[in-house]
1. Return yes when residue 96 is over 20 Å from residue 248 (Cβ atoms), surrounded by fewer than 18 Cβ atoms within 10 Å (Cβ to Cβ) and not β-branched (Val, Ile, Thr) and no when it is not.
2. Considering only residues of the range 244-285 that are among the small types (Gly, Ala, Ser) and open to solvent by less than 10 Å² (accessible area, probe 1.4 Å), which is nearest to residue 314 (Cα to Cα)?
3. Just to be sure I understand, how many residues within the range 205-238 are assigned to a loop (DSSP other than H, G, I, E, B) and over 23 Å from residue 305 (Cβ atoms)?
4. Among the residues of the range 161-191, what is the count of those that are touching a Gly at 6+ places or on another chain (Cβ under 7 Å) and outside any helix (DSSP H, G or I)?
5. Can you find, within the range 335-358, the residue that is most open to solvent (accessible area, probe 1.4 Å) among those that are over 18 Å from the mean Cα position of the chain (by Cα) and modelled with pLDDT of 90 or more?
6. So which residues in the range 176-189 are under 24 Å from the mean Cα position of the chain (by Cα), surrounded by fewer than 18 Cβ atoms within 10 Å (Cβ to Cβ) and over 20 Å from residue 160 (Cα atoms)?
7. For the range 25-66, name all the residues that are modelled with pLDDT of 75 or more, of a type in the set (S, T, N, Q), under 23 Å from residue 105 (Cα atoms) and open to solvent by 60 Å² or more (accessible area, probe 1.4 Å).
Amino acid sequence: MSRSRQPRRQATLASIAAELKISRTTVSNAYNRPDQLSAELRERVLEVAKRRGYAGPDPMARSLRTRKAGAVGVLLTEALSYSFRDPAAMSFLSGLSEACEAAGQGLLLIPAGPGRTDDEAAQVVHRSSVDGFVVYSVPAEDPYLAAVLERHLPVVACDQPRGLEHTPVVGIDDRRAMRDLAAHLVELGHREIGMLSMRLGRERHDGVVDLSTLGTGGFHVQRERIRGVQDAMSAAGLAPDSLTVVERYTHTAEDGMSAAAQIMRVNPRITALVCTTDVLALGALAWANQMGLDVPGHLSITGFDGIDEAMREGLTTVRQPQKDKGRRAGELLLAAPSHSGVPALETLGTQLWFGATSGRVESEWYAE
């Protein structure tokens, strides 16, 4: 008759200490402060722990004791999958992770995706075990942001929102960068300019933008890039209200393709497409190739960001230091709790990159 098997008691920090006849602090130090132990003693502790199936001090208990979670929360405006497929977001997170790694901190992604109520958003944020937040391009009216501010933890924003009290911002001068890019197109002789934009607000809209409703809400970055093009048009004596803008709620190359087709139906006299991101521009470029259009002979196309694929395709674009943004945002956050002496806005430089997709119009093409 087989003997009944009693479940093995789970090893604890206390039981490991008792077996080795050392203090619980010494066992804890073997994991958290190995420099406090001799190599021989630490090896003995880890050997017994391994034999007993003990994985180390409970991180939750440690966080309760120290009041530190050991992680930085990253608030994103998109679904979680966006972080792993959007090149600019990936570059930003790469820089942020380097800053966190240097400080021995982890990263917790908190996607502020659509479809959640304000209460649901608050629950997601309040359940997050973090020591502070990096807010990545979130509009000021976002319910997730409101929940973040309710936590009263250190916060650093990247790009937007701006003007929050005690919240440094790392960003670029989007308006000036886009104005310089549009001025380049005007100098090449373009007078009919169209623009493809990422979403401008939280409500879904895929179509032509009413420029009179730009206002001050929504996504600051996209709005400023549109105004930069209008500034260049005004400086050249062109009517800024004549700018045709098509918006896409999601952000993929396929969105760029469909937006390019739509805007050329709306205004077939357009000779230059200015896109607020490289992803949209690469989609517009694919659409032009499908239509058999010469770029830039029939149509100039420009982007914004300077992602690797855009560089390989020879896209005219604005290169921005996305990885440096992430790294600097992390450094500022990890310098908390005091942000004294830190500027409210730290502006990083950009570079206008002249590729093969912008030029003088050699012939006109009119959509049917």
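The values are calculated or read from the model by the stated rules, or taken from the named source; none is laboratory data. Since the model is a prediction, treat every value here as computed from it, not as a measurement. Using ideal geometry, Cβ is built from the backbone for each residue, glycine included, and neighbour counts are taken over all protein chains shown. Ligands, DNA and RNA are stripped out before the accessible areas are found, and what is left, the full protein with its side chains, is counted by its heavy atoms. Shrake-Rupley method; radii C 1.70, N 1.55, O 1.52, S 1.80 Å.
1. Considered against the rule, which asks whether it is over 20 Å from residue 248 (Cβ atoms), surrounded by fewer than 18 Cβ atoms within 10 Å (Cβ to Cβ) and not β-branched (Val, Ile, Thr), residue 96 comes out as no.
2. Ranking the qualifying residues of the range 244-285, first place goes to 281.
3. Here the count works out to 7.
4. Total satisfying the criteria: 1.
5. By that ranking, first place goes to 354.
6. Passing the criteria: only 180.
7. Matches in the range 25-66: 25, 36.
The rows are residues; the columns are (1) within 24 Å of residue 70 (Cα to Cα); (2) touching a Lys or Arg at 6+ places or on another chain (Cβ under 9 Å); (3) of a type outside the set (Asp, Glu).
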position: 17; (1), (2), (3): no, yes, yes
position: 20; (1), (2), (3): no, yes, yes
position: 33; (1), (2), (3): yes, no, yes
position: 38; (1), (2), (3): no, no, yes
position: 42; (1), (2), (3): yes, no, yes
position: 47; (1), (2), (3): no, no, no
